[in-house]
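Following: one structure in structure tokens, then a few remarks.
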């Protein structure tokens with residue numbers, strides 16, 4: 001009996017050790033927050049934040065005919081995901097299509113202090129167009145972008161230098177009820193090394209052909 005009791009004791013210790021090891025290895029629970037909805041539908045946009053960090057994922061939740069769809073949006077956000085407040089969701093109907101199409105619009109920002117090397121700020125107004133039924137992202141645009149940085153180089157044995165960059169652009173972005181996109185009135189203010197921060201699209205009208213958007217006119 002005493003041997004059996006000892007075996008049971010060691011068995012319980014082993015189980016407890018395994019439990020503590022697995023618990024320690026588990027990642028922090030993800031918090032899910034509702035960030036936008038399409039009125040009168042079963043479509044919602046959620047932010048899934050990774051613990052207390054500034055990283056996470058954005059996904060679209062949609063239910064239809066007793067099925068639930070989770071569409072993962074971009075995961076590589078170059079912005080602080082905790083600053084995203086609300087997604088504006090708009091529905092439209094491309095000519096000849098009966099599938100659900102939506103445009104999502106949101107603002108994001110990133111402010112990083114580089115310590116003695118300077119600071120930079122990045123603000124954006126983002127748009128994504130989705131065919132929800134097909135689970136396909138059709139178009140992305142940034143209609144407003146402001147990037148400012150002040151970088152200082154502090155070498156020990158060479159000349160000090162400082163670089164200031166101020167790059168911004170904005171344009172009017174409109175999607176019509178038939179799905180056509182209009183991009184007009186592009187205005188840029190580029191001071192410094194702004195090659196990566198110029199307008200992401202040409203002005204003009206974009207239409208949906210063959211499952212993708214193409215520019216069809218000025």
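The values are calculated or read from the model by the stated rules, or taken from the named source; none is laboratory data. What you see is a predicted model; the values in this text were computed from it and never measured. A quick note on method: Cβ atoms are made from the backbone with ideal geometry, for glycine too, and the neighbour counts reach across all protein chains shown.
Before moving on, here are some points about what is shown:
- Elements of type strands (runs of 3 or more DSSP E) in the stretch 174-218, at least 1 residues being in contact (Cβ under 8 Å) with a residue 24 or more places away in the chain and over 25 Å from residue 94 (Cβ atoms): 181-191
- Restricting attention to the stretch 76-120 and to residues that are exposed (fewer than 11 other Cβ atoms within 10 Å of the Cβ) and at pLDDT below 65, the residue that is nearest to residue 138 (Cα to Cα) turns out to be 76.
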